[in-house]
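Structure first, then comments.
The values are calculated or read from the model by the stated rules, or taken from the named source; none is laboratory data. Given the structure is predicted, the values throughout are model-derived calculations rather than measurements. Ideal geometry is used to build each Cβ from the backbone, glycine not excepted, and the neighbour counts take in all protein chains shown. Heavy atoms of the whole protein, side chains included, go into the accessibility calculation; ligands, DNA and RNA do not. Shrake-Rupley method; radii C 1.70, N 1.55, O 1.52, S 1.80 Å.
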Amino acid sequence: MRRLLLPVTVSAVACTAFVVTPAAALTASSGAPAVTGGSSAARSGPALPGGRLAAGSPTLSVSSHLSLRRYAAAGDRAYELGTEDGRYPAMGFHTRGEMGGIWTPPVKLLDGIWFGINGQWIGPATRFTSGFGYVRMALPATGGVQLTRTDFAPDGRRAVEIGLTLSAPSQAAHLSLNVDAHSELMSAYPWGFTTPNQLAFNLPDKAAFNGHQLVFTENGTPPVANAAPHHWAAVVGATGLTPASGKTGKAFRGPQDPPVICPVDTKPDKFRCDDTAYGKGAGGELTYPISVPAHGTRTVWFTVAGSDQGLAAAQAQFTSASANPSAELTAKIASRLAVNSRTQLSLPGDPALAASATWSKQDLADLTQQADNLKIRATEQGTVYPAPIGSVPSIRFEGAGFPDYPWMFATDQEYAMFALLAAGQFATAEAGLRSLAQVSVIANHDSGKVVHETVTDGSVYFGLNDEPGDIDETAKFPDAVAMVWRWTGDNHFRDQMYGFVKKNMQYIIGLTKGDDDLWPDGSGNVESSVLGADAVDVAAYTIRGLFDLADMAASKGDTATQHWADSHAAAMEKQFSGAWWMPGIPQFADSLADPANTQLMQRWWTGVTPMDAELYPAGSPRPGLVPRTEALPALALRETSCYTGQYGLYVEGGPGCDPGTYTAKSQQAYTLNTGVMAVGLGNYGLLGSGQQQRYTSDLAQLQLGPVAEQPGAMPEIGPSPDFSGNINLPFNERSSLNQAWGTYGVLWPVVHQQLGGDPQLGNGLLEVLPAVPPGQASVSGTNIRVGTGSVDVTATHNGSSWTTTVTARLACTLHAGATLPVGATIQHVTVNGTPAPYTVRDTNAGRQVLVSIPCSGRTWRVHIVAS
């Protein structure tokens, strides 16, 4: 089970069969990834197979410690996970050592694929590059030719493509090209530690050579109760080439033969293995005669395709994907350039944040996943494997992270949704929430409770009606739906989700009955036995969710629901500070313990959520749940060394910076809690270099700096006192190399808080009220998607002058202006040089000054002078 934001205990034991650079390998002296093409996709990119250019596609490259760094090359139907030297160590912990390789959810296809020339294995790679939608490796010269390798997964295909580019010097080269592949046809669930586990569930693979391809199959019924017969297949071959020979057997792992096999239950593991005892795969080798003309270049494309619907379906996928891989790559890059074209940012005072936003958009696209034919199975935290209780034809969602969380989580959908909206990736946001609701209705018998974790085969691991958590996910769901509705203006989506959203809040309010307070009983994001019955994040997000339900109810004319939700929200808000605020520390309690609602403050990151939550009472935005008198000292304390380190906010702070007596700690810098802190600071106008920018910079460092595994990928946890960093850990004990939720702390602070974008299109309104961070002169963004149109924003601040220039290409009412410091005195306001009437709205973020004008595609320049 994925226990969210609890301590991860790991230790590194070097495998005697592998030489590992010590823990200090990745430091600032290693250098940050080299950047090509800039962060705004304004220049020509690198050469790709066939001599084509990825025009305007930025890249990030790294050349140190490639054998220690993992990478993902992902499409929406398949993905590949290996190390940046071109190898495939065993990795991951759900089924220990089996989470890497090549997958088409819900099944794994291969442990890996390897290439050789004239009997000599190619590699390891000397340089690794992340591009938009692909990865590339520079390989050492072998057999007299220069080599590069380009990997990608075309969207809509259950396949991974690998292009091997060979360049001959002054003489032609006539080569024998060898390709090894080792299968591991295995389902995403069950895992290694569940009942049943993969030792019982996994069946042996069979390998065959059909004259053109390697074909791997697994057919049968696992010998466990309620297992269904399956027919899984993987196909490996080249485009336009017929192999001279092919052979199969148990080995065929290229340079990873003979493999180092780790036992299934060893922890800590050897540092690096090639497989685990769960493996029951097969191997094969193809050999091709290849000629490369003198001074010429040739690219040979290899396709790995598969299906959980039988060999014929796998062959169909192979045929489609392998027909024209170069064209597929061109289309893939074009689609990712389109992703990048949305939310183009210029942040002269914070270029690291702009670059982080660029790659966060790609991260979100990488983690957009789809799985079909789900059989919904309530596994009760992996203790049972019952018969399915329903089915869902297809889900499309924002995967949580590779390699161990590539499936659907409620928390990740709900936090990543903010980033998806800011990035303009509306379809993924809507599809993810629809999918989560579909599964929850079946698994929880339409109770309104949102399930926590759904694997791509349909197995629901946690979050059922009879389990105590994570009820924060049910409280957060209405806000996720409401925000999508506000940004898109999609009333059809609102109507699709409305019935489930009503049941969300009815379920949550039902958890307060029979208690002596207003707060729902049940665990929130932190699932720890030391917490009391009521969790602060559940309480804060319940208030927010009720106001969101009321806003949607009002838009539908459902006055009964509107009044019910508003009344509960108002009652909770009125009592919130009295119940949760601890002025002597000063912090909000993490939880309240029964009896007597005793306040507990154990320094969990969730104490920031009262500042992170933004409310929409009566449909009007209000950043932050609690007053500044409480929020400012609470946030200031979180910035101290007990709570925050080099790479962000700790999951649990340590003693020494406050008068609290609790001594336990979990000082691990998860990117989620760092993102929540960044948003919380922004809600109170604390945008400067020692405030919000500190935390967004922490996230940018983790994504783009020397500690990143894959350059450009937002990791799950950063190096911190209780987590040494992924690169120093055994491959089977690492956190995610990329994680969607961290992007919340990058894209939302810029687009929503600094640029002030706040669409409320469900009510026909777009607000643009920027807040230029202290010490910076300007921030701007173009092609920010809102509804069916887009908006461009440039905001400047110089002394007593604030100027916002807005072009909104859609039909709506525009509230344009700026967010000034608290207490600013307004001297005058002009629109396109003409004095204009204006409204002043005081919020926790500052004094908002706005004028009301039509959107209409015109450019409006609002100038404010204040003291």
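Numbers at a glance
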{"item": "Boolean, Q120 is open to solvent by 10 Å² or more (accessible area, probe 1.4 Å), over 29 Å from H231 (Cα atoms) and out of contact with any Ser or Thr (no Cβ under 9 Å at 6 or more places or on another chain)", "result": "no"}
{"item": "Only listed residue being touching a residue at least 24 places away in the same chain (Cβ under 8 Å), among the β-branched types (V, I, T) and open to solvent by 10 Å² or more (accessible area, probe 1.4 Å), chosen from V215, V135, V236, V145", "result": "V215"}
{"item": "Entirely in the stretch 801-867, the strands (runs of 3 or more DSSP E) that have 3 or more residues that are of a type in the set (G, A, S)", "result": "813-820"}
{"item": "Enumeration of residues in the stretch 757-793 that are over 12 Å from T805 (Cα atoms), in a loop (DSSP other than H, G, I, E, B) and not polar (S, T, N, Q)", "result": "G764, A771, V772, P773, P774, G775, A777, G787"}
{"item": "Candidate set from the stretch 565-578 (those that are under 34 Å from the mean Cα position of the chain (by Cα) and of a type outside the set (S, T, N, Q)); member that is surrounded by the fewest Cβ atoms within 10 Å (Cβ to Cβ)", "result": "A570"}
{"item": "Residue identified as open to solvent by less than 20 Å² (accessible area, probe 1.4 Å), touching a residue at least 40 places away in the same chain (Cβ under 8 Å) and outside any loop (DSSP other than H, G, I, E, B) among V676, V626", "result": "V676"}
{"item": "Residue match in the stretch 800-813 (condition: closer than 30 Å to G557 by Cα, surrounded by fewer than 24 Cβ atoms within 10 Å (Cβ to Cβ), β-branched (V, I, T) and modelled with pLDDT of 95 or more)", "result": "yes"}
{"item": "Exclusive hit being open to solvent by 20 Å² or more (accessible area, probe 1.4 Å), of a type in the set (A, V, I, L, M) and in a strand (DSSP E or B), set L345, L286", "result": "L345"}
{"item": "Single match in T661, T674, T644 (criterion: of a type in the set (S, T, Y) and in contact with an Asp or Glu (Cβ under 8 Å, 6 or more places away or on another chain))", "result": "T674"}
{"item": "Per-region count, the stretch 145-201, residues of a type in the set (D, E, K, R), assigned to a strand (DSSP E or B), under 30 Å from A378 (Cβ atoms) and touching a helix residue (DSSP H, G or I) at 6+ places or on another chain (Cβ under 8 Å)", "result": "0"}
{"item": "Any hit, the stretch 461-474, residues being within 20 Å of F493 (Cα to Cα) and surrounded by 24 or more Cβ atoms within 10 Å (Cβ to Cβ)", "result": "yes"}
{"item": "Unique residue being under 33 Å from the mean Cα position of the chain (by Cα), in contact (Cβ under 8 Å) with a residue 24 or more places away in the chain and within 19 Å of S867 (Cβ to Cβ) when the list is A818, A811", "result": "A818"}
{"item": "Residue within the stretch 564-580 that is in contact with a Leu (Cβ under 6 Å, 6 or more places away or on another chain), within 15 Å of V481 (Cβ to Cβ) and aliphatic (A, V, I, L, M) present", "result": "yes"}
{"item": "Checklist (1) out of contact with any strand residue (DSSP E or B) (no Cβ under 9 Å at 6 or more places or on another chain); (2) open to solvent by less than 20 Å² (accessible area, probe 1.4 Å); (3) modelled with pLDDT under 95 applied to S666, failing item", "result": "(1)"}
{"item": "Within the stretch 772-805, tally of residues that are out of contact with any His (no Cβ under 9 Å at 6 or more places or on another chain) and either of a type in the set (F, W, Y) or under 21 Å from M483 (Cβ atoms) (or both)", "result": "11"}
{"item": "Some residue of the stretch 555-564 being out of contact with any Cys (no Cβ under 8 Å at 6 or more places or on another chain), surrounded by fewer than 24 Cβ atoms within 10 Å (Cβ to Cβ) and aromatic (F, W, Y)", "result": "yes"}
{"item": "Test set (1) among the polar types (S, T, N, Q); (2) touching a Phe, Trp or Tyr at 6+ places or on another chain (Cβ under 7 Å); (3) closer than 27 Å to L345 by Cα - T368 fails condition number", "result": "(2)"}
{"item": "First in the stretch 79-94 and open to solvent by less than 10 Å² (accessible area, probe 1.4 Å), second anywhere and among the aromatic types (F, W, Y), Cβ under 6 Å, 6 or more apart", "result": "Y79/W103; L81/F402; G82/Y88; E84/Y71; E84/F128; P89/F731; M91/F731; H94/W191"}
{"item": "Residue within the stretch 647-659 that is over 26 Å from the mean Cα position of the chain (by Cα), within 28 Å of D516 (Cα to Cα) and not in a strand (DSSP E or B) present", "result": "no"}
{"item": "Any hit, the stretch 396-412, residues being hydrophobic (A, V, I, L, M, F, W, C), part of a helix (DSSP H, G or I), at negative phi and touching a residue at least 12 places away in the same chain (Cβ under 8 Å)", "result": "yes"}
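The rows are residues; the columns are (1) closer than 21 Å to L367 by Cβ; (2) modelled with pLDDT under 95.
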residue: G682; (1), (2): no, no
residue: Q692; (1), (2): no, no
residue: Q701; (1), (2): yes, no
residue: N728; (1), (2): no, yes
